[in-house]
Amino acid sequence: MKMKNAVNSIPVVKHPMPYLMVVIGFLVLLRTPLLAGVSNPELFLMGYLGFFLIFSVTVGKKEMGPFYNKGGSLINLIAMTGMVYFFGILAESVAGSFLSANDPQLLDQLTYPLTATYVVHELARYSLVGIGEEIFKFCLFLILYGVLVRVMKNRMISCIVSVLVTSFFFGLLHMNYNFDQWLNITLIIGSGTVVYFYFLFKYRTIVPLMLAHALQDFLVTMEHTEGLSGIYMLFLTGIVLCWFIARFGLGYKLKVLDE
């Protein structure tokens, strides 16, 4: 699907208030001490991320439902996920190199024990993160896009501005890892988010974005466990090899959904 046609097919939310309330609710829980008195605040926050999925298939079904397109084969879904994963990391790596930022989130200082319980816990956790955060970004985009389309009367410009603002804001939400490097963190994560939006509009499905997001966060966590150092780059190399084999060895071409 040509990008112009893809942008023209983006829905304009007629009733943005429910979207705004859901987004604000998440931000309040994430960045205020509201959960300080809760015995397990992380579990509560993960539950809210899961709530995004319920919201998207109920209240937001009209606008977001088409982006759960079930068309295409399993190999098509795997290939899309691999592309989102690879190009998202590539964008973040290029941005990090350009900014001369070396581990701005201080992740290399983290070490976790490698146990079956920990692996299962992190897999479940980042599955919810991948689902919830992608829907959160999409909700935020739809709010901004709906306002700008009505004001500017130009879908392409409204889409570009909404993507850039959403991506910057999403990156900004991660600055708590290292406030001294807030701009580097924002721009690096934001660059990857722009790539995610590109694939969202190009292929008209949010599922590969959820899978790639969850996979990336999960593998970063596994990278910092005892005994699995290097798994992140190993998996990334495997993704690249599989893509080359599928693209040039088998002549496989990704199926664009809802053309």
Lone unmet requirement of (1) under 27 Å from Glu42 (Cβ atoms); (2) within 18 Å of the chain's Cα centre (by Cα); (3) of a type outside the set (S, T, N, Q) for Ala116: (2)
Pairs, first in a loop (DSSP other than H, G, I, E, B) and surrounded by fewer than 18 Cβ atoms within 10 Å (Cβ to Cβ) in segment 156-179, second at pLDDT below 95 and acidic (Asp, Glu), C-beta under 8 Å, six or more apart: none
Conditions (1) at pLDDT below 90; (2) not in a loop (DSSP other than H, G, I, E, B); number of the one not met by Ile185: (1)
Search result, residues across segment 12-26 that are in contact (Cβ under 8 Å) with a residue 60 or more places away in the chain and in a helix (DSSP H, G or I): Tyr19, Leu20, Val22, Val23, Phe26
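Being closer than 30 Å to Tyr177 by Cα, outside any helix (DSSP H, G or I) and open to solvent by 60 Å² or more (accessible area, probe 1.4 Å) is the filter here, so list the residues in segment 33-73 that pass it.
Those that are closer than 30 Å to Tyr177 by Cα, outside any helix (DSSP H, G or I) and open to solvent by 60 Å² or more (accessible area, probe 1.4 Å): Ala36, Gly37, Ser39, Asn40.
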Selection within segment 125-155 - assigned to a helix (DSSP H, G or I) and surrounded by fewer than 13 Cβ atoms within 10 Å (Cβ to Cβ): Arg150, Val151, Met152
Hey, Ala101 in a loop (DSSP other than H, G, I, E, B), in contact with a helix residue (DSSP H, G or I) (Cβ under 8 Å, 6 or more places away or on another chain) and over 19 Å from Tyr48 (Cβ atoms) or not: yes
Index of the failed condition, Val220 passing every other in (1) buried (at least 20 other Cβ atoms within 10 Å of the Cβ); (2) under 19 Å from the mean Cα position of the chain (by Cα): (1)
Among residues of segment 124-143, those that are within 21 Å of Leu183 (Cβ to Cβ) and free of Cβ contacts under 8 Å to residues at least 24 places away in the same chain, counted: 0
In segment 126-176, the residues that are within 18 Å of Phe201 (Cα to Cα) and polar (S, T, N, Q): Asn154, Ser158, Ser162, Thr166, Ser167
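The values are calculated or read from the model by the stated rules, or taken from the named source; none is laboratory data. Note that the coordinates shown come from a computational prediction; the quantities given were computed from them, not determined experimentally. Here the Cβ is made from the backbone with ideal geometry for all residues, glycine too, and neighbour counts use every protein chain on show. To get the accessible areas, we keep the full protein, side chains included, count just its heavy atoms, and leave off ligands, DNA and RNA. Shrake-Rupley method; radii C 1.70, N 1.55, O 1.52, S 1.80 Å.
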